[in-house]
Each structure stands twice: as structure tokens, then as C-alpha cells.
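Data block below; observations after.
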Amino acid sequence: MISFEKMTVNTMKTSINKLKPLSFSRNSNQEISIAGFKLKDLVQTYGSPLYILCEETIRARVNEYKDSFQEFYGEYELVYASKALNCKAICKLMEKESVSLDVVSIGELYTALSVNFPMNKVIFHGNNKSPEEIQACLENNVRIILDNFNDLRLIDELNKSKKEVNIIIRVTPGIECHTHEYIKTGKIDSKFGFNLEDVLDLVAKLKKDYPYIKILGLHSHIGSQIFEMAPQRDAALVLLNKYKEIKEQLGIEMTHLNIGGGLGIKYLESDDPPEIADIVNFSAKAVIEACEKFDLKKPILMMEPGRSLVAPAGITVYRIGNIKDIPNLRKYVCVDGGMADNVRPIMYQAQYLAELDAKDPNKDLETVTIAGKYCESGDVLIKDIKMTKADTDDLLVVFSTGAYNYSMASNYNRATKPAMVLVNRTGHNLIVKRESLDDLLRQDLVPSHLS
Ligand SMILES: Cc1ncc(COP(=O)(O)O)c(C=O)c1O
């Protein structure tokens, strides 16, 4: 394994690395607007809770990735990991921005198909793909991230005509990343991907026994909400070491290198993730240097961010109802949503910033706990936040909710999922309708002996 000197990265552009959506503003009455549209009016039109997405923020973040790849690398493919937020409008927005799509289920693929997303720009992930999913990839010429031998078995069984199938092999690179630290290990306990040591044999086997399979390259994804730049760079170098071995021993040169997603974002003002430009620059430099050193052709560099493209664009607006003050213990401020629309706090103690609409966020501060309305004591969105004194009927905004909120939403307690609105300077558009009570019943059946 080669090692690289610590690189310094110096990006002079104005940062878009903000916690709040770029079009967020407050007027002199402290009323909040997104792209010039008042929250209060949006909630009046679409109801609450309400997911709001700032289009300007998504486009700015997409463009920072694209510009950085152009400036620092060359041929690249920016792939949006749509598990972060997948719906028709977001697929269309990514298509308009010439961004590819990473899908992990037939449902995500079906959504992309429904809006004619170009299938040659889709990659399909998963550690346990179903026959139906592999079949859909084959029918639509979607590139498959080969994760295991079961994928290979299914491809071979279902690809009756033995037409060309493009794959990228997912490996565990031996780099484990937690948000603020990472470790390099020989083996990783992961359900995803092939062991790095097995890759050379695998490539040889594919070449010999599966001539219709075209191997584009290797893939690794080391984690999510990552604040360091070195782990992804190191994972890229691990893969390039393998490219060198593959070239030397098998005479095969890979055309693509996919280094996954995972760049972190600000949930709290104290969070300090790298700039998009810096992470691209840092990884790109390392890849270029390694390719020169190993005498490899520079591959098309693929990254597949999810959170860092959409999370900061999203806010969720709730209406405050009950306020329960337990003297000398805790004040609960209860909202009309909770774990059904944002499972991250209860699932992995995720932290968020929140503010009230139409109240100065710096005045009248007290420590409260923002509680959801669902029947779990743990349904708390934010524990012990210092916030302006809230009253019943106030609107509360939770920031950074554009990723892994709607996509992880549930119908727990038979909650109806909130609506989602995409806002830009020219208007606001409903992109996901609020579920109705009838939507909840749509799949229910009563057997005749009970009716
Ligand atoms: C394989 C793969 N790629 C990309 C992503 C996107 O990660 P993030 O949203 O942190 O950028 C994930 C997230 O789990 C993933 O598993």
C-alpha cells in the first residue's frame, strides 16, 4: 500500500457549506421565508408537518461537485445516491443537472423509470438483490454493482441471451469510518461487497467464465456523515493498488473507479464538514498521482453522494401543540409530527437545530425538549435545545432534513406522511402529496369471515 504526503487543499470560492438552505431568510418581524415564500403561507397552502426543499441549494451543491471534478480531475461521473431522497421530481431534477442515479431497490428504479430517467446513467446497488431486481437491470441495461456471488448466479441465470452486462465490483477496502475517526483493518465485518483479497481471482474468473460481463471497475463506500478527507482518499488508493495488480497479472485495465459517497453535512453549527470542492480535490489529486505512479490510465472517477446533495436543502415545518412543563425537570414542546417523518433521532441519536418562525432566535431563550406526537417515550426530535420560548400554534423549523427523512418515513401509529414542496425563486410546487386517510386504507383487506 502506498502512502501519500498530507496534501493541502486551498479553495478560495465562497462557501455554500451552510446549515440552513441558501434561500433561507428572516424579515424584520422574524418571519422565515424560503426563496422569498413565507413559511406561514406555505403551511397554510400545504398543511403541516411539511417538508420544504430549496431547489437553489440542491443545484448549488450539485454544481459544486461538477465544477470541482472539472477543475481538479477530468472525466467523472457524479452519481446521486437516491436512497437519501427519491421521488419523481428529484429524479427529474438530477436528470436536468446531468447527474447519474444510484438506486438500491426495484422501487427506486421504478420511480426513475416512471419519469424516463436515462437508464444508462443508473447504477444498481444491494447486498441481496432479488431476481426481479436483476431482471429489471438486465432489461433496462442498468449497470449492476456486483456485490456477491449470488448476484453473479442470478445474472448468469437470467441473462439468457448472454448479452453484454456492465458491472462494477463492490469491495470492502479495509477502511472503516466513523464520523470523527477511521481505522484501517485487514478485513471488515460488512454485509456489503467482496473481500479485497478475493478480487483478483474474481476478475480472472469473470474473464474466463463470463465473457459477456464487462467489468468497468471497482467500488467502495466506507461510511456516511464523514468529516475527514483521508479515508475516502485512502480507499481510492487501496482500489488503485488492486487496479495495478489486475493490470499486471491479468492484463485488464479498468475504465471506472467508484469511490462511493458519505460526505458529511452540518446538522449543528458546531459541525465542521469539509467543503465539497476540497473533498473532490483531495481525492482527485491522490487518484491522479497514483495513476501516474502505477502507469494506469486515469479512470472515469465516480462519486455517489446522497446526503451532501440534498440534506441541507431540506427543512421540516411543524406546528406546536401541547407544551408540558415539569418544574425543575423538563419542558416538553410537542409538535404535530415526530419519528414517523424523521426517524433519525430515535434510530441513531441524530441531532438537529430548530428555530421558531416569527420569533427572534436569539431572544427569550430557554432549554426545552422537542417531542414528537407518536406513542413512544423515545419519540423526541431534539433533546435539551436552547431555543426561543415557544407558544402553542407557533411554527417550528427543523433544519437539514432533506436526506433520510422522507425516505425513511413510516406510517407508525397510522400516521399520514407529510407533503413535500420544492421551492425556487419563481414559485413553489407540491412534489409529494400529503397522504390521506384513504391512502392508509388502500392496501387493507378484510377477509369475508370477518366482514
Ligand atoms: C453504497 C452507498 N453509496 C452512497 C451512499 C450515500 O451516502 P451519503 O448519503 O452519506 O452520501 C450510501 C449510503 O448509505 C451507500 O450505502
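The values are calculated or read from the model by the stated rules, or taken from the named source; none is laboratory data. Since the model is a prediction, treat every value here as computed from it, not as a measurement. Quick reminder, even Gly has a Cβ in these numbers, built from the backbone with ideal geometry, and neighbours come from all protein chains shown.
Side notes on the structure shown:
- Lone qualifier among Tyr374, Tyr332 - being of a type in the set (Ser, Thr, Tyr) and under 18 Å from Asn411 (Cβ atoms): Tyr374
- Residue, nearest to the chain's Cα centre (by Cα), within segment 27-41, restricted to residues that are on the phi < 0 side of the Ramachandran plot and touching a residue at least 60 places away in the same chain (Cβ under 8 Å): Ile34
- Test for Tyr406: is it of a type in the set (Phe, Trp, Tyr) and surrounded by fewer than 19 Cβ atoms within 10 Å (Cβ to Cβ): no
- Qualifying positions in segment 426-443 - surrounded by 10 or more Cβ atoms within 10 Å (Cβ to Cβ) and among the charged types (D, E, K, R): Lys433, Arg434, Glu435, Asp439
- When Leu309, Leu268 are screened for being out of contact with any Cys (no Cβ under 6 Å at 6 or more places or on another chain) and assigned to a loop (DSSP other than H, G, I, E, B), only Leu268 passes.
- Looking across segment 216-228 at every residue that is touching a strand residue (DSSP E or B) at 6+ places or on another chain (Cβ under 6 Å) and among the hydrophobic types (A, V, I, L, M, F, W, C), the one that is nearest to the ligand (Cβ to nearest atom) is identified as Ile226.
- Scanning segment 383-436 for residues that are assigned to a loop (DSSP other than H, G, I, E, B) and more than 16 Å from the ligand (Cβ to nearest atom) yields a count of 19.
- Scan of segment 247-265 for residues that are part of a loop (DSSP other than H, G, I, E, B) and of a type outside the set (A, V, I, L, M), ordered by number: Gly251, Glu253, Thr255, Gly260, Gly261, Gly262, Gly264
- Out of Lys363, Lys373, sole residue that is in a loop (DSSP other than H, G, I, E, B), modelled with pLDDT of 95 or more, in contact with a Gly (Cβ under 9 Å, 6 or more places away or on another chain) and among the charged types (D, E, K, R): Lys373
- Picking from residues in segment 34-68 that are surrounded by 22 or more Cβ atoms within 10 Å (Cβ to Cβ) and within 16 Å of the ligand (Cβ to nearest atom), the one that is farthest from Leu216 (Cα to Cα) is Leu53.
- Filter pass, Gly74 being farther than 24 Å from Glu304 by Cα and either surrounded by fewer than 21 Cβ atoms within 10 Å (Cβ to Cβ) or away from the ligand (no atom under 16 Å from the Cβ) (or both): no
- Residue pairs whose Cβ atoms lie under 7 Å apart, separated by 6 or more positions or on different chains, with the first residue in segment 414-439 and within 16 Å of Ala313 (Cα to Cα) and the second among the basic types (Lys, Arg), are Ala419/Lys433; Ala419/Arg434.
- Residue check: Gly126 meets all listed conditions (1) among the small types (Gly, Ala, Ser); (2) at negative phi; (3) buried (at least 17 other Cβ atoms within 10 Å of the Cβ) but one, namely (2).
- Qualifying residue in segment 258-267 (condition: away from the ligand (no atom under 16 Å from the Cβ) and among the polar types (S, T, N, Q)): no
- The set of residues from segment 165-202 being among the aliphatic types (A, V, I, L, M), crowded, with 18+ Cβ neighbours inside 10 Å, in a strand (DSSP E or B) and at pLDDT below 95 comprises just one member, Ile175.
- Filter result for Glu56 (touching a residue at least 24 places away in the same chain (Cβ under 8 Å) and closer than 30 Å to Thr416 by Cβ): yes
- Identification of helices (runs of 4 or more DSSP H) wholly contained in segment 82-144 with 1 or more residues that are within 18 Å of Glu157 (Cα to Cα) and modelled with pLDDT of 95 or more yields 131-140.
- Every listed requirement among (1) in a loop (DSSP other than H, G, I, E, B); (2) within 13 Å of the ligand (Cβ to nearest atom) is met by Pro231 save one, (1).
- Residues that are within 16 Å of the ligand (Cβ to nearest atom) and in contact with a Cys (Cβ under 6 Å, 6 or more places away or on another chain), drawn from segment 312-337: Ala313
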